[in-house]
1. For a 26 Å ceiling on Cα separation, which of these pairs sit above it: Lys26/Lys161; Lys22/Lys179; Lys33/Lys158; Lys155/Lys179; Lys26/Lys158?
2. Provide Phe174, Phe55, Phe245, Phe223 in ascending order of the number of other Cβ atoms located within 10 Å of each residue's Cβ, fewest first.
Amino acid sequence: MIKELERTQDVVTVALSANIPKPELKDLAESIKERMLRVPGIPLVSIEGFSKRQFQIQLAQNKLRLYGISLQSVATIVAQQNLDLPTGEILTAKRDYQIRFNDERRSPKELQDLVIIKGEHGNEVRLGDIATIIDTFEKAEDKATYNNMPTAFLKIRKNSKDDSLRILEQVKNFIQQEKQGLPEQVSFNLTQDFTSIVEDRIALLISNAWQGLLLVFGVMWLFFGTRYAFWVVMGLPVSFLASAFILAQWGISINMLSMVALLLALGILMDDAIVISESIGKHISLGKTPVQAAIDGTMAVKTGSPYFCESSFWASMPKFAAKA
């Protein structure tokens, strides 16, 4: 399966801790990663906390003399039967695909089964018969711990269209299911939870919306009456519902950028609503009809509206920088 990926963002990191050898911990992390990727709501998973894995082949000199083979010949056979090579291309109108031949030995067991000598009568000498294969890592000093235990980090990322909060919920459900089938010595911990920032932005958005509604309604009711206050305040939920519909149609999820945009729009909307309603009220006091007052009042402030937006944008930048 070929999938085109977009710009990715970190969501959360799962710390998988167990007091077991590092190769076994890496195998366990790979197994959990494969099961995690089968969950529909978890798009991207990578493993961190290990250096490059390697297999050390220790040959016994007496076995080499017994079978009459040299160290170099064994190295050549291992290299020839451990291949990852391009074999061709498929050209289409939209994309080009590269075809590869992969016959890499990815475990000590696979290396042990590698045939070194093959006799005339079908008898074979395998690598495991003449060598000891050690599963280790390139740099022993590169290791990760969590609560003083060996740890593998499963980093979950998302594409720009994915929902961080839904992914976090799927990860938590997956961990609960995995705990039931794993030994007690294996523990899961959530670290680097970037969804907390999204939750803070949602809380800030809701808080600012309620405060804006109450303050604008109070001020408009005090100076212009209930009718003005009602129609100005109604502009906020109507505008947000329209924004939610358009964002869904364009495939834009609730993320950091869209939340900042909504927070900026909240202030701009309230400012413009107050200024325009005050202008309309002034024209009504001059004896104009409501329709004509609405037209003339809006046209009277149309030149200044772009500057209201720009001033709100720059005034909000220090606040967002402090929250980030």
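Every number here is computed from the coordinates shown, using simple stated rules; none is lab data. Remember, it's a predicted structure, so these values are computed and weren't measured experimentally. Neighbour counts run over all protein chains shown; Cβ positions are idealised from the backbone, glycine included.
1. On the way: Lys26/Lys161 30 Å; Lys22/Lys179 20 Å; Lys33/Lys158 15 Å; Lys155/Lys179 18 Å; Lys26/Lys158 23 Å.
Table pairs above 26 Å Cα-Cα are Lys26/Lys161.
2. Working: Phe174 20, Phe55 17, Phe245 10, Phe223 13.
By the 10 Å Cβ count, ascending, the order reads Phe245, Phe223, Phe55, Phe174.
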